[in-house]
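> The structure's right below; bear with me while I get my questions together.
Quick note: the coordinates plus some simple rules give every number you see, no bench work behind them. Quantities reported herein were computed from a predicted structural model and do not represent experimental measurements. Glycine gets a Cβ as well: all are built from the backbone with ideal geometry, and neighbour counts include every protein chain shown.
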Amino acid sequence: MSESRYEYAKHRYASIGVDTDAAINALSELKISLHCWQGDDVGGFENSGSLSGGIAATGNYPGKARNAVELMNDIDKVLSLVPGKHKLNIHAIYAITGGEKVARNKLEPKHFEKWVDFAKQRGLGLDINPTLFSHPLAADSLTLSSPDEKVRRFWIEHCKAMRRVGEYFGRELGITCVNNIWIPDGYKDLPADRLGPRRRLKDSLDEIFEEKIDKQYLVDTVESKLFGIGLESYTVGSHEFYMNYAAKNKLICLLDNGHFHATELVSDKIPSMLLFSEIIPLHITRDVRWDSDHAVLFDDEIKEIAKEIVRCNALDRVYLGLDYFDASINRIAAWVTGMRNVQKALLYALLMPHAQLKQLQDKGDFSRLLVVSEELKFYPFADVWERFCSKHNVPSSKKWFDSVVQYEKDVLPKRITIKKC
Ligand code: RNT
Ligand code: ZN
């Protein structure tokens with residue numbers, strides 16, 4: 001990109017009191033947790049059958065990663081096209097056990113050593129999730145709230161085991177690991193008892209979090225949901241359940257913006273949550289009519305989420321993570337699009353004169369607030385984005401996609417036979 005375009009943009013933004021260099025520097029510091037599960041449609045390496053738990057990856061685009069080596073190669077490709085240094089989000093089903101079958105309640109740090117090596121070599125942080133779906137003991141979509149004590153116990157043990165894996169990630173990498181618990185538990189039809197399952201979930205969580213782990217290494221989060229496919233009438237881990245549980249137990253609520261009513265916006269929840277919680281972790285997705293898990297766009301809601309983070313001065317209090325799994329398009333393109341769009345939204349928000357806009361609101365000058373906000377949309381944002389990409393030596397605009405197309409031609413067609421990890 002020509003220097004003069006950036007210089008012009010810098011000048012335009014400076015005229016409204018915005019420092020583009022400072023915005024680029026602030027964005028360069030922000031880590032996004034890249035979800036490993038976009039690479040193989042939440043398959044994992046257990047070969048335990050199909051995805052279950054009220055979630056679904058739709059599409060059958062060729063070339064999905066079939067083992068750890070392929071998934072790691074794809075992640076490298078993604079990281080080469082995304083500016084900055086980030087984190088990688090791993091699910092328990094991505095344990096690398098060298099062919100040995102290890103029950104989920106018996107997983108140990110050693111089963112994730114290869115991920116730690118991978119992260120160390122690339123300067124990444126790691127996050128972790130227990131996997132409470134796609135398993136025979138979750139076949140009826142009841143795990144931590146199951147009335148079957150054997151089933152409940154298995155999942156409690158699994159969650160405990162994964163907290164230890166998370167602690168190991170934090171210790172080894174010197175970057176705090178976020179351990180997020182999401183369960184599918186719920187019912188398709190109207191339940192006869194809404195309290196019982198929630199009471200059992202509460203008891204399970206109490207047990208899981210009994211072991212105190214240094215917050216420097218591990219931060220525990222709980223993720224609510226509204227409904228799942230086949231679980232439309234009742235979700236045990238609702239937002240109210242987890243907000244209250246987290247508040248009472250000094251835990252953290254994770255907000256997935258695909259997990260609320262269609263007109264309910266996570267952007268509006270952020271400032272409220274920030275008043276009561278030190279940290280807000282996010283699963284950023286695009287919900288199209290339901291929790292559809294489409295790749296994130298540079299759309300109004302993602303911009304609004306970014307604005308709230310920036311204007312609440314909470315860049316260091318919000319953990320950004322992606323969560324979608326689109327199998328209908330090139331999976332690497334889906335990954336990169338989402339990562340870059342989150343960064344674009346943050347840059348967009350960093351390039352706004354928030355103090356002035358707040359003043360207009362407080363003065364009641366809503367005409368000017370409206371006009372200035374609309375004018376801002378035509379500032380040369382794209383030139384600042386190009387500068388950010390070139391600073392981090394990653395291709396800007398459509399050039400990154402050319403390189404994905406090349407990778408698709410060179411690498412993906414070889415993935416025809418089943419290989420073991
Ligand atoms: C499901 C939740 C959950 C999962 C991942 C794979 O609705 O959003 O976060 O998507 O754990
Ligand atoms: Zn999620």
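> Project the alpha carbons of the chain onto their principal axes and report the range along each, largest first, in whole Å.
Largest first, the chain extends 65, 53, 39 Å along its Cα principal axes.
> While we're here: At 222 nm, what helix-only mean residue ellipticity would the chain give, in deg cm²/dmol to the nearest 500, using -39500 (n - 2.57) for each DSSP H run of four or more?
-13500 deg cm²/dmol
> Next question, about the same structure. For the stretch 1-50, what is the convex hull volume of its Cα atoms per residue in Å³?
Normalising the Cα hull of the stretch 1-50 by residue number yields 131 Å³.
> When only C-alpha pairs under 8 Å and at least 6 residues apart count, what is the relative contact order of the stretch 307-388, in percent?
Dividing the mean separation by the residue count of the stretch 307-388 yields 31 percent.
> Just to confirm the number: angle between the C-alpha axis of helix 366-376 and the first principal axis of the chain, 0 to 90 degrees, nearest 10?
Helix 366-376 sits roughly 90 degrees off the main axis of the chain.
> Using only the alpha carbon atoms of the stretch 38-82, find the Kirkwood hydrodynamic radius as the inverse mean reciprocal pair distance, in angstroms to one decimal.
For the stretch 38-82, the Kirkwood estimate is 11.7 Å.
> Now for a different question. Could you give the C-alpha radius of gyration of the stretch 321-421 expressed as a fraction of 2.2 N^0.38 Å, taking N as the number of residues it contains?
Rounded to two decimals, the normalised Rg is 1.57.
> May I pose another question? What shape does the stretch 36-141 have by the C-alpha gyration tensor, where a ≥ b ≥ c are the square roots of the eigenvalues, rounded means a/c under 1.5, and otherwise prolate means a/b greater than b/c and oblate the rest?
Verdict is oblate for the stretch 36-141.
> Between helix 68-80 and the chain, what is the angle of the helix's C-alpha long axis to the longest principal axis, kept within 0 to 90° and rounded to the nearest 10?
Approximately 10 degrees, to the nearest 10.
> From the Cα gyration tensor of the stretch 184-248, with a ≥ b ≥ c the square roots of its eigenvalues, which class applies: rounded if a/c is under 1.5, or else prolate if a/b is larger than b/c, or else oblate?
prolate
> Treating the beta-carbon of each Lys and Arg as +1 and of each Asp and Glu as -1, no other charges, what is the dipole magnitude of the chain about its Cα centre, to the nearest 20 debye?
For this selection, approximately 740 debye.
> Cα gyration tensor of the stretch 102-193, axes a ≥ b ≥ c as square roots of the eigenvalues: rounded (a/c below 1.5), prolate (a/b > b/c) or oblate?
Because a/c hits 1.5 or more and a/b exceeds b/c, the stretch 102-193 counts as prolate.
> About its Cα centre, what dipole magnitude does the stretch 237-278 give when the only charges are +1 on Lys and Arg Cβ and -1 on Asp and Glu Cβ, stated in debye to the nearest 20?
Its charge dipole is roughly 180 debye.
> Need one number: nm distance between label points at Ser367 and Arg12, each 7 Å from Cα along Cα→Cβ, rounded to one decimal.
Inter-label distance under the simple model: 2.6 nm.
> Order the peptides 395-405, 379-389, 50-60 from the highest to the lowest mean number of other Cβ atoms within 10 Å of their residues.
379-389, 50-60, 395-405
> In degrees between 0 and 90, to the nearest 10, how far off the longest principal axis of the chain does helix 354-363 point, with axes built from Cα atoms?
80 degrees
> Positive end of the dipole of the chain, charges at C-beta (+1 Lys, Arg; -1 Asp, Glu), about the Cα centre: which of Gly237, Val42, Ala306 has its Cα farthest in that direction?
So the residue furthest toward the plus end is Val42.
> Between Ile284 and residues 5 or more places away or on another chain, which pairs have amide H atoms under 5 Å apart, with H built 1.01 Å from N, and which residues are they?
Gly321, Leu322, Asp323
> Could you work out the relative contact order of the chain? I mean the mean sequence separation of Cα pairs under 8 Å and 6+ apart, divided by the number of residues, in percent.
21 percent
> Given the peptides 297-307, 318-328, 260-270, arrange them by the average over their residues of other C-beta atoms within 10 Å, most packed first.
Working: 297-307: 18.8, 318-328: 23.0, 260-270: 14.9.
Descending mean neighbour count gives 318-328, 297-307, 260-270.
> Taking amide H atoms as placed 1.01 Å from N in the peptide plane, list the residues 5 or more away in sequence, or in a different chain, whose amide H sits under 5 Å from that of Thr131.
Amide H neighbours of Thr131, under 5 Å, 5+ apart: Ala92, Ile93.
> What's the magnitude of the charge dipole for the stretch 182-229 around its Cα centre, counting Lys and Arg as +1 and Asp and Glu as -1 at the beta-carbon? Answer in Debye, nearest 20.
Numbers: 9 positive and 11 negative charges, 56 e Å.
Using Cβ point charges on Lys, Arg, Asp and Glu, the stretch 182-229 gives about 260 debye.
> Listing His91, His158 from the residue with the fewest other Cβ atoms within 10 Å to the one with the most, what is the order?
Neighbour counts put them in this order, fewest first: His91, His158.
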